[in-house]
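See below for the structure under consideration.
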Amino acid sequence: MDLLLPTRSDLWFLPLGGTGEIGMNLNLYGHDGQWLMVDCGLSFNEPIDENSARTHELVCADPEFIAQQRHRLAGIVITHAHEDHVGALPFLWRRFQVPVYTTPFTAEILRRKLAQVGLLGEVEIHELPLASRFKVGVFDLQWITLTHSIPEPSGLMIETSAGNVFHTGDWKIDHSPVLGERFSPAILTTLRKRDVKAMVCDSTNALRVGHSVSEFDCYKALLEVIKDESGRVVVGCFSSNIARLASLARVAKETGRYLALLGRSLQNMVSAARASGYWPDDLPVVDPSHLGYLPPNEVLAVATGSQGEPRAMLNRLARDDCFDLSLDKGDLVLFSAMIIPGNELAIERLVKSFKAQGVRTLQKHETELPIHVSGHPCQDELAAMYDWVRPQVAIPTHGEPEHMAANARIAKDAHVPRQLTGLNGDLFTIAPEVGVRKQATKAKRIALAR
Ligand SMILES: [Zn+2]
Ligand SMILES: [Zn+2]
């Protein structure tokens, strides 16, 4: 098996998942005989055939490399609560058995996940406030709070005696994010003075020109569409986008509607947001059982299943198999979500079955209004980030090869002296020498039983 042991003069980055794909992030940093894990996420396997939705087989990065030397693993840091960053931890933690470090909202989500697999109480969770500094083994760390599509997106400044790395996690520049602090470049320009050797950076939208759209503009777009509706409105949306849900609750309030959540994951997320102080007190949510008694123009429901998942609530509504709500001709189903590649046919089938009943649908590509906005940086944002932080080396991650290549080009244009691109299993050496050792360990994906 691999004998990769970082010395005191080494600073290494070794991604086991998430570099070469979007999903299942599992990153390792190595220094002075120790490893630090940053994120432990999952992904879904590709569809088995073109007529099916995703199989929903859960997969994650094979953790064997680090599991077999867990005495060298100093701890696990989770940057935010998206499934591609935290989702595999409840399944894999027994193989590591080390403390987990994260922020309060992510800790709340993690505790709920751990409870489902009987691990709550066994995992030592260190809940650290935003912007705080903390130490995990030989690594000195600090949260760098950014903006994204979930509360508390936390970049990580990693300082060692061999050099410093800024690991961005997922981010965008949002000056009006609806919930949480707005984006502030001030902290990033201070990183410049802290000699950032490498910046390991989100590449998801590196092929898109310009700047991502703010969550507040999405709120205005949703209000614009919904205010003129006279029937029921159902919105398909990702449950983790608490800001979007709060926007919809505000739209409900301003249009004389009642907001209800259809689907357990939505209810769980809003309850977690309440528990950690993110849900605004002035935005009520009614029990879905009330929906049937309301006049159509007072109904605003948010439902799971925007990717066409067969058992989720949108598909059940399309089959008129939702206990709390039936739709009629003229009602509107709006998709406030991206299409995850591979789900196009399942979504198309869902849309067709609504239309067959005379229920209208509105998808993002059918309107000029930003009824969904992405949580990742486009080209101008990446360029700005490189200019603020001014790292010596750019290491694009969180993307497919073409996204990472585009991110590297942006770094080059932004005068970052070196760019390193590679794939899961490659060892990126940041100090003492800068380089990539191809396939230093074997990276593969494993299925997770649930
Ligand atoms: Zn992500
Ligand atoms: Zn994310």
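The values are calculated or read from the model by the stated rules, or taken from the named source; none is laboratory data. In this text, all values refer to a predicted model and were calculated from it rather than measured experimentally. In this analysis, Cβ positions are derived from the backbone assuming ideal geometry, glycine residues included, and neighbour counts consider all displayed protein chains.
Just to be sure before I move on: is Thr160 more than 16 Å from ligand 1 (Cβ to nearest atom), surrounded by 21 or more Cβ atoms within 10 Å (Cβ to Cβ) and over 27 Å from Glu83 (Cβ atoms) in the structure I sent? Can you show your working first?
On the way: more than 16 Å from ligand 1 (Cβ to nearest atom): yes; surrounded by 21 or more Cβ atoms within 10 Å (Cβ to Cβ): yes; over 27 Å from Glu83 (Cβ atoms): yes.
Taking the combined requirement at face value, the residue satisfies it.
Selection within region 292-313: residues that are in a helix (DSSP H, G or I) and out of contact with any Cys (no Cβ under 9 Å at 6 or more places or on another chain). The member of this set that is nearest to Gly263 (Cα to Cα) is Gly292. Among the residues of region 26-43, just one is within 12 Å of ligand 1 (Cβ to nearest atom) and either in contact with a Phe, Trp or Tyr (Cβ under 6 Å, 6 or more places away or on another chain) or at positive phi (or both), namely Asp39. Inspect region 344-366 for any residue being within 27 Å of Tyr219 (Cα to Cα), crowded, with 21+ Cβ neighbours inside 10 Å and within 16 Å of ligand 2 (Cβ to nearest atom) and give the result as yes or no. Scanning region 344-366 turns up no residue that is within 27 Å of Tyr219 (Cα to Cα), crowded, with 21+ Cβ neighbours inside 10 Å and within 16 Å of ligand 2 (Cβ to nearest atom). Filtered by the rule that a residue be without any contact (Cβ under 8 Å) to a residue 24 or more places away in the chain and either within 16 Å of ligand 2 (Cβ to nearest atom) or within 30 Å of Lys172 (Cβ to Cβ) (or both), region 80-123 gives Ala107, Arg111. Take Phe166 and tell me if it is away from ligand 1 (no atom under 16 Å from the Cβ), among the aromatic types (Phe, Trp, Tyr) and under 20 Å from the mean Cα position of the chain (by Cα). So Phe166 fits the description; yes. Select, from Leu262, Leu222, Leu283, Leu245, the only residue that is free of Cβ contacts under 8 Å to residues at least 40 places away in the same chain and surrounded by 15 or more Cβ atoms within 10 Å (Cβ to Cβ). Result: Leu283 is the single residue among Leu262, Leu222, Leu283, Leu245 that is free of Cβ contacts under 8 Å to residues at least 40 places away in the same chain and surrounded by 15 or more Cβ atoms within 10 Å (Cβ to Cβ). Applying the condition of being crowded, with 24+ Cβ neighbours inside 10 Å and not aliphatic (A, V, I, L, M) to region 7-17 and asking which residue is farthest from ligand 1 (Cβ to nearest atom) yields Phe13. Looking at the structure I just gave you, is Leu4 more than 16 Å from ligand 1 (Cβ to nearest atom), modelled with pLDDT under 95 and not small (Gly, Ala, Ser)? Yes. Residue check: Pro280 meets all listed conditions (1) in a loop (DSSP other than H, G, I, E, B); (2) farther than 28 Å from Gln116 by Cβ but one, namely (2).
Only residues that are of a type in the set (D, E, K, R), away from ligand 1 (no atom under 16 Å from the Cβ) and either in contact with a His (Cβ under 7 Å, 6 or more places away or on another chain) or farther than 24 Å from Ser184 by Cβ (or both) were counted in region 372-423, giving 6. Note on region 288-343: residues that are more than 23 Å from the chain's Cα centre (by Cα) and not aliphatic (A, V, I, L, M) total 22.
Against the condition crowded, with 24+ Cβ neighbours inside 10 Å, in contact (Cβ under 8 Å) with a residue 24 or more places away in the chain, over 30 Å from Gly399 (Cβ atoms) and out of contact with any helix residue (DSSP H, G or I) (no Cβ under 6 Å at 6 or more places or on another chain), how does Val234 come out, does it pass?
Details: crowded, with 24+ Cβ neighbours inside 10 Å: yes; in contact (Cβ under 8 Å) with a residue 24 or more places away in the chain: yes; over 30 Å from Gly399 (Cβ atoms): yes; out of contact with any helix residue (DSSP H, G or I) (no Cβ under 6 Å at 6 or more places or on another chain): yes.
In short, yes.
Among what's in region 19-30 and is of a type outside the set (S, T, N, Q) and crowded, with 24+ Cβ neighbours inside 10 Å, pick the residue that is nearest to Gly41 (Cα to Cα). Don't jump to the end; show me each part of the working.
Filtering region 19-30 down to residues of a type outside the set (S, T, N, Q) leaves 20-24, 26, 28-30.
Narrowing further to those that are crowded, with 24+ Cβ neighbours inside 10 Å: 24, 26, 29-30.
Working: Met24: 4, Leu26: 6, Tyr29: 16, Gly30: 19 Å.
Among those that are of a type outside the set (S, T, N, Q) and crowded, with 24+ Cβ neighbours inside 10 Å, it is Met24.
Would you list the strands (runs of 3 or more DSSP E) that sit entirely within region 148-203 and hold 1 or more residues that are within 16 Å of ligand 2 (Cβ to nearest atom) and either farther than 24 Å from Ser214 by Cα or in contact with a Ser or Thr (Cβ under 6 Å, 6 or more places away or on another chain) (or both)? Spell out the reasoning first.
On the way: elements: 154-160, 163-167, 196-202.
Filter on region 148-203 gives 154-160, 196-202.
The single condition from (1) out of contact with any helix residue (DSSP H, G or I) (no Cβ under 6 Å at 6 or more places or on another chain); (2) surrounded by 17 or more Cβ atoms within 10 Å (Cβ to Cβ); (3) at pLDDT 95 or above that Ile371 fails is (1).
The numbered conditions (1) of a type in the set (Ser, Thr, Tyr); (2) part of a loop (DSSP other than H, G, I, E, B); (3) within 16 Å of ligand 2 (Cβ to nearest atom); (4) modelled with pLDDT under 95 are all true for Ser43 except (2).
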